[in-house]
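Structure, as structure tokens:
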Amino acid sequence: MATVSMSLVFQNPLLSPYHSKTRPLPRNQSNWFQAPTRTRTKPTSFSSIRAQSGAAARKEDIVIVGAGIAGLATALSLHRLGVGSLVLEQAESLRTGGTSLTLFKNGWRVLDAMGVGNDLRTQFLEIQGMVVKTEDGRELRSFKFKDEDESQEVRPVERGILLETLANQLPAGAVRFSSKLAKIQKTENGETLLELVDGTQLSAKVVIGCDGIRSPIAKWMGFPEPKYVGHCAFRGLAYYPGGQPFEPKLNQIYGRGQRAGFLPVSPTKVYWFVCFNRQSPGPKITDPSVLKKQATELVRDWPSDLVNIIDNTPDDLIIRTPLVDRWLWPNISPPVSAGSVVLVGDAWHPMTPNLGQGACCALEDAVVLARKLAGAIKSRPDTIGDALSSYGSERWPRIFPLTVRANLVGSLLQWENPVVCSVRNNVIFPKLVRLGPLLEHTNFDCEPLQAPVV
């Protein structure tokens, strides 16, 4: 009998400060890009490092724009390899809001290579498997991840805790807050001039754009805006102070034109999502009570566990976002780098969360770029441009197919036709679906990041 890859049905559960002056890096050629010595042994918080206006352009070696997952992971990867960087973040502190995201074994291998994997594992549950149900609660299939791949590791992670964990490993002054980019341009000497909204100017040898889905740097490089894929998602993080009652499984629920799911994150928290078709993204809604009401109405007659989870979600932990992506067509899309400016993560390849690979791929990007960039810096700094191009050549064959595949999976799961949904529920899921082929894309080798011994 023919089989259907689980890529048609399995998705990520939709994703869901120190205070000091930044030290300039040494200017002599022998120790360009050298990582500053980390003086804090157990950092616990961050305070803003605010940009100063009115000064001449200050020289920096590597500037990373954006202190999200991609930016902090890139900074930490470089730091582990003995290369310093300055991270610019437009907010006044780490943006630790948001809900949760799910990391598969490729993401955990990268975090282990950075030296932070075990710090995070102790805080979050390992998900053992997945259960697929219809909107009336009928179970279609169940799977155990270890049955398909003994090395598989699936854990949800709260976004804020992940960011704090990465940032706490960086040297004091590595992250500069209240530093929103206003303008970027090349200079006559080949460096890149960054101007912040307060007038501060930085001249950088290398600029790494980690500034998210609506990346101004990607726009400057000629990339089009990400494209709306036709559905939106509510996401939230429920809180059970007395302990949540659910087994460590991903629960997927499919209806007509919408789907939902939930999984436990920790002993007291449960992540959930509701994804629904909509012709256009619609107006932005900021009132959290309205978001909660709309999400509840979509699944009012669905399994009661899901409705109860939404009810147990604090209003400020519910978000609604349109899902978008960008397909990096060969020979059509701009390259990932332009001179000494390069993109990482969502700034380069925003993808829908249907394969659970958005954050994982950003982490992979970070270590691959860091190794290539550090190698060029320590051997021949004049080959940095080639190193950035090599990073793009290595990453594109992995990123482009995953982006397309995630889009197609989402489209198939959002079916509205009742006949097609009946075939899905009575034939495809019960008889044809296989989990194993899907998990193959979570294979990723990543050795520990270590600075060379001098």
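The values are calculated or read from the model by the stated rules, or taken from the named source; none is laboratory data. All values reported here derive from a predicted model rather than from experimental measurement. When we count neighbours, we look across all protein chains shown, and the Cβ atoms used for this are built from the backbone with ideal geometry, even at glycine. Please note that ligands, DNA and RNA were not included when accessible areas were found on the heavy atoms of the full protein model with its side chains. Shrake-Rupley method; radii C 1.70, N 1.55, O 1.52, S 1.80 Å.
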Expected field for residue 254, accessible surface area in Å² at 1.4 Å probe radius, rounded to 10, holds 0
With every protein chain present, what is the per residue accessible area of segment 58-442 (1.4 Å probe, Å²)?
37
Residues whose built amide H sits under 5 Å from the amide H of residue 278, excluding neighbours closer than 5 in sequence, are 231, 232
Cα-centred dipole magnitude for segment 58-442, charges only on beta-carbon of K, R (+1) and D, E (-1), debye, nearest 20:
520
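Determine, from the Cβ-Cβ distance of residue 150 and residue 296 and an R0 of 30 Å, the FRET efficiency 1/(1 + (r/R0)^6), rounded to the nearest 0.05.
Working: r = 39 Å, r/R0 = 1.31.
The formula returns an efficiency of 0.15 here.
Mind pulling up the Rg/Rh value for segment 170-243? Radius of gyration and Kirkwood radius, both on Cα.
On the way: Rg = 18.2 Å, Rh = 15.9 Å.
Radius of gyration relative to Kirkwood radius: 1.15.
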May I ask you to give the percent of accessible area on the chain that is carbon plus sulfur, with a probe radius of 1.4 Å?
51
Suppose accessible area is computed on protein heavy atoms with a 1.4 Å probe; arrange 371, 398 from highest to lowest.
371, 398
For residue 289, placing the label point 7 angstrom along Cα-to-beta-carbon and taking segment 306-348, residues whose amide nitrogen sits under 14 Å are 315-316
Rg (Å, one decimal) plus Dmax (Å, integer) for the alpha carbons of segment 375-440?
20.7, 62
So how far apart, in nm, are the two label points at residue 422 and residue 227 if each is 7 Å from Cα heading toward Cβ?
3.3
For residue 286, the accessible surface traced by a 1.4 Å probe with all protein chains present amounts, in square angstrom to the nearest 10, to 110
For residue 433, list long-range residues whose amide hydrogen, built 1.01 Å from N in the peptide plane, is under 5 Å from its own amide hydrogen.
4
Debye sum, Cα scatterers, segment 278-433, no solvent: what log₁₀ I/I(0) at q = 0.09, 0.16, 0.19, 0.20 1/Å?
-0.48, -1.03, -1.19, -1.25
For the chain, with the dipole built from +1 on Lys and Arg beta-carbon atoms and -1 on Asp and Glu ones, taken about the Cα centre, which of 208, 322, 154 lies farthest toward the positive end?
208
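When DSSP assigns beta bridges and you keep just the ones with both residues in the chain, what percent turn out antiparallel, to the nearest 5?
Working: 49 of 72 bridges.
Restricted to the chain, the bridges split so that about 70 percent are antiparallel.
Roughly how large, in nm² to one decimal, is the mean projection of the convex hull of the alpha-carbon atoms in segment 293-379? It would help to have the intermediate numbers written out before the result.
Details: hull surface 36.6 nm².
Answer in nm², one decimal: 9.1.
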Which one, 335, 283, 358, is farthest towards the positive end of the dipole of the chain when Lys and Arg carry +1 and Asp and Glu -1 on their Cβ?
335
Of the options 448, 374, 411, report the single residue whose Cα projects farthest towards the positive end of the charge dipole of the chain (beta-carbon charges: Lys, Arg +1; Asp, Glu -1).
374
Once the chain is represented by equal point scatterers at the alpha-carbon sites, with solvent omitted, what log10 I(q)/I(0) does the Debye formula produce at q = 0.07, 0.09, 0.12, 0.13 Å⁻¹?
-0.35, -0.58, -1.02, -1.17
